[in-house]
Amino acid sequence: MTMNTSRRTLLRSAFVGTAGTALGLTGFGGLNPIAAAAEAPKRARTVAEVIRMTPVEIARESEVVQTAYKVLLKSASQLKDAKVRETVTAILKNPDVTLDLSREADLVKTLKAAGYLGAKGDTVFPPIEKSGRSPQPTWSAPGSGYGSHHAYPGGLVVHVALNVLSAEKLLQSYADNNRCYLSVDDAVGGELLHDLHKPWVFAWQKDNSCRKEETLAMTGEHHVLSLAESMHRGLPATFCTAQACAHEHPGSQKGLELMVGWIKCAAIIAGVDPVEKGYLAKDGKTLPEPFRSEGFVVHLADHDWVLSVPACQWTVEALKRLMREKYGVDAEKRPADFNALRNYVLANLTAMRLHAIRSSEGEEAFAADVARVLKA
Ligand SMILES: [Fe+2]
Ligand SMILES: [Fe+2]
């Protein structure tokens, strides 16, 4: 049986109505604006129409994506320090690269000697125009690599919106439970910018997938490049170190060493001295002590990927079957067309929503939700 929206609503109320109410979870009618945008009536497009759309057009048209982007701008508008607020908002609105791209040849030598380049060879920067113009807006980038989490146009803002709302709630819980009042600017601001260069690193390709990421200083290059951009734009040291924690925290010696490497590598790229700027302690071997808590909030709130990586992978596999059986598009034979359809469906409904429907209500309900946006 296909589950319609009203039956799903009742089911959701049943879950939310018991433990959910006590926990302050919102049921139908109290959905946050991103979930409400996915739930709202949709215009179903044909396969032929979708195949003609670019990833940027798909993201521009998606209510879910544009709502998530507005959530980020709203959160940025609530940051306390005027300069931090302006810088974070400016980056979200225009993720152009301000790093000095003309220094690449020198950077290659320095970073290679320091052991940060790894297999990257003779480049530091992903392909980009000399002007530093971002290949796309913040709101059309995928959330990560094409085999990873939120891998669809607008996935980045959907990912970061959940992270930022998680960071805000975590800050509130630490305040309520522990009288621990942390910096909103560092924790929420660091979260807002933690993946700021994904529009550059994950540029869309001709086959409607995105660029494959390289590693830099032993992590995804987007992390170090995003950190370098924040340093170059003059964001405070406590902000930058909090942002640097997205991929690891300094609570273990190994984590600390990785973080120090990212900060050193990013500072070289940004052309600043990490000790003088206060990102590192005077000996240059550790973060300023005692370690601040805000970075841990950034780290914890970025952990959506634990679920969203497999949820996206499982949903893409389910979409491959559905597209072949119901829509006549075989991903093996027509990869670019399948990618366009996958991008469209996920940008409008999200991989997390579709996985939740498929895992709790079954394949038919999953197919019915896809049919809200795509005509057979
Ligand atoms: Fe990241
Ligand atoms: Fe992230």
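The values are calculated or read from the model by the stated rules, or taken from the named source; none is laboratory data. None of these values were measured; they are calculated from a predicted model. We place every Cβ from the backbone using ideal geometry, glycine too, and count neighbours over all the protein chains shown. Only protein heavy atoms, including side chains, enter the accessible area calculation; ligands, DNA and RNA are left aside. Shrake-Rupley method; radii C 1.70, N 1.55, O 1.52, S 1.80 Å.
Non-local amide H neighbours of Arg45 (under 5 Å, H modeled in plane, Pro and chain starts lacking H): which ones?
Hits under the 5 Å cutoff: Leu374, Lys375.
Per residue of segment 276-292, what does 6.51 cos²θ - 1.76 cosθ + 1.60 with θ = phi - 60° give for ³J(HN,Hα)? Whole Hz please, x for Gly and Pro, Karplus curve as stated.
Per residue, the Karplus-derived 3J(HN,Hα) values read 4, 7, x, 6, 10, 5, 4, 7, x, 10, 8, 7, x, 9, x, 5, 7 Hz.
Only loop residues by DSSP count here, and only those with at most 12 other Cβ atoms within 10 Å; note down the trypsin sites (Lys or Arg not before Pro) in segment 299-355 that meet that. Write out the running numbers ahead of the final one.
Numbers: sites: Lys320, Arg321, Arg324, Lys326, Lys333, Arg342, Arg353; in loops: Lys326, Lys333.
Of the trypsin sites (Lys or Arg not before Pro), the ones in loops of segment 299-355 whose Cβ has at most 12 other Cβ atoms within 10 Å are Lys333.
Go through Asn32, Pro250, Ala82 and say which Cα lies farthest out towards the positive end of the charge dipole of the chain; charges sit on Cβ, +1 for Lys and Arg, -1 for Asp and Glu.
Farthest along the dipole direction, towards plus: Asn32.
Give me the accessible area per residue for the chain, probe 1.4 Å, as a whole number in Å².
Dividing the accessible area of the chain by its residue count gives 45 Å².
Semi-axes of the equivalent ellipsoid for segment 75-301, please: Cα gyration tensor eigenvalues, times 5, square-rooted, ordered largest first, whole Å.
26, 22, 16
Protein chains only, probe 1.4 Å: how do Arg45, Arg334 rank by accessible area, largest first?
Arg334, Arg45
Say each of Glu276 and Glu332 gets a label point 7 Å from the Cα, pointing the same way as Cα to Cβ; how far apart are those two points in nm?
Between Glu276 and Glu332, the label points sit 6.0 nm apart.
If I require 20 Å or longer along the helix axis, counting alpha carbons, and a Kyte-Doolittle average no lower than 0.5, what helices from the chain are left? Use full DSSP H segments. All intermediate terms of the calculation are to be shown ahead of the outcome.
On the way: long enough: 63-77 (21 Å, 0.36); 155-178 (34 Å, 0.41); 253-270 (25 Å, 1.03); 305-325 (30 Å, 0.18); 335-349 (21 Å, 0.16).
Helices passing the filter in the chain: 253-270.
Between Glu289 and Thr98, how many nm apart are label points set 7 Å from Cα along the C-beta direction?
Roughly 3.4 nm, to one decimal.
For the chain, what is the calculated [θ] at 222 nm in deg cm²/dmol (nearest 500), taking -39500 (n - 2.57) for each run of four or more DSSP H residues and dividing by its residue count? Walk me through the intermediate numbers first.
Working: 18 runs with 207 residues, N = 376.
That calculation yields -17000 deg cm²/dmol at 222 nm.
Based on the Cβ-Cβ distance of Arg133 and Gln78, what FRET efficiency does E = 1/(1 + (r/R0)^6) give at R0 = 30 Å, to the nearest 0.05?
E between Arg133 and Gln78, to the nearest 0.05, is 0.55.
If you place +1 on the Cβ of every Lys and Arg, -1 on the Cβ of every Asp and Glu, and leave all else neutral, what size is the dipole of segment 75-301 about its Cα centre, to the nearest 20 Debye? Walk me through the intermediate numbers first.
Numbers: 23 positive and 26 negative charges, 29 e Å.
Computed charge dipole of segment 75-301: roughly 140 debye.
So for segment 75-301, taking the charge dipole from beta-carbon charges (+1 Lys/Arg, -1 Asp/Glu), which of Leu99, Asn177, Ser131 sits furthest toward the positive end?
Most positive-ward Cα: Ser131.
Kindly flag which residue pairs out of Lys206/Lys333; Lys70/Lys375; Lys326/Lys375 have an alpha-carbon separation exceeding 18 Å in this structure.
Violating the 18 Å Cα-Cα cut-off are Lys70/Lys375.
Quick one: Cα centre-to-centre distance for segment 33-90 and segment 230-287, in angstrom?
Spelled out, the Cα-based centre of one part sits 31 Å from the other.
So what are the ³J(HN,Hα) numbers for segment 46-62, from phi and the Karplus equation (6.51, -1.76, 1.60; θ = phi - 60°), rounded to whole Hz, Gly and Pro as x?
Result, rounded to whole Hz: 7, 4, 4, 5, 5, 4, 7, 8, 7, x, 5, 4, 4, 5, 5, 7, 6.
Take the alpha carbon gyration tensor of segment 273-376, find the square roots of its eigenvalues, order them as a ≥ b ≥ c, and report rounded if a/c is under 1.5; if not, report prolate when a/b exceeds b/c, else oblate.
prolate
Between Lys70 and Gln253, what is the spin-label point distance in nm, taking each point 7 Å from the Cα along the Cα→C-beta axis?
Going from the Lys70 label point to the Gln253 one covers 5.1 nm.
Express in nm, to one decimal, how much length is gained between Asp122 and Ser359 on full extension, taking 0.36 nm for each residue of separation and deducting their alpha carbon distance.
Here the answer is 80.8 nm.
For the chain, which whole percent of the accessible surface, found with a 1.4 angstrom probe, sits on carbon and sulfur atoms?
Roughly 55 percent of what the probe reaches on the chain is carbon or sulfur.
Does segment 210-280 come out rounded, prolate or oblate by the C-alpha gyration tensor, with a ≥ b ≥ c the root eigenvalues, rounded set by a/c under 1.5 and, if not, prolate when a/b is larger than b/c and oblate if not?
In terms of gyration-tensor shape, oblate.
Using only the alpha carbon atoms of segment 257-307, find the Kirkwood hydrodynamic radius as the inverse mean reciprocal pair distance, in angstroms to one decimal. Before the final figure, lay out each step's value.
Details: mean 1/r = 0.0827 Å⁻¹.
Final number for the Kirkwood radius of segment 257-307 is 12.1 Å.
Please give the contour-minus-distance gain from Lys109 to Leu307: 0.36 nm per residue of separation, less the Cα-Cα distance, rounded to one decimal in nm.
Values: separation 198, 0.36 × 198 = 71.28 nm, distance 3.87 nm.
Between Lys109 and Leu307, full extension yields 67.4 nm more.
Convert each backbone phi in segment 142-151 into a coupling constant with the Karplus relation 6.51 cos²θ - 1.76 cosθ + 1.60 (shift: θ = phi - 60°), then list the ³J(HN,Hα) values in order as whole Hz, x for Gly and Pro.
Running phi through 6.51 cos²θ - 1.76 cosθ + 1.60 with θ = phi - 60° gives x, x, 6, x, 5, x, 10, 7, 6, 8 Hz.
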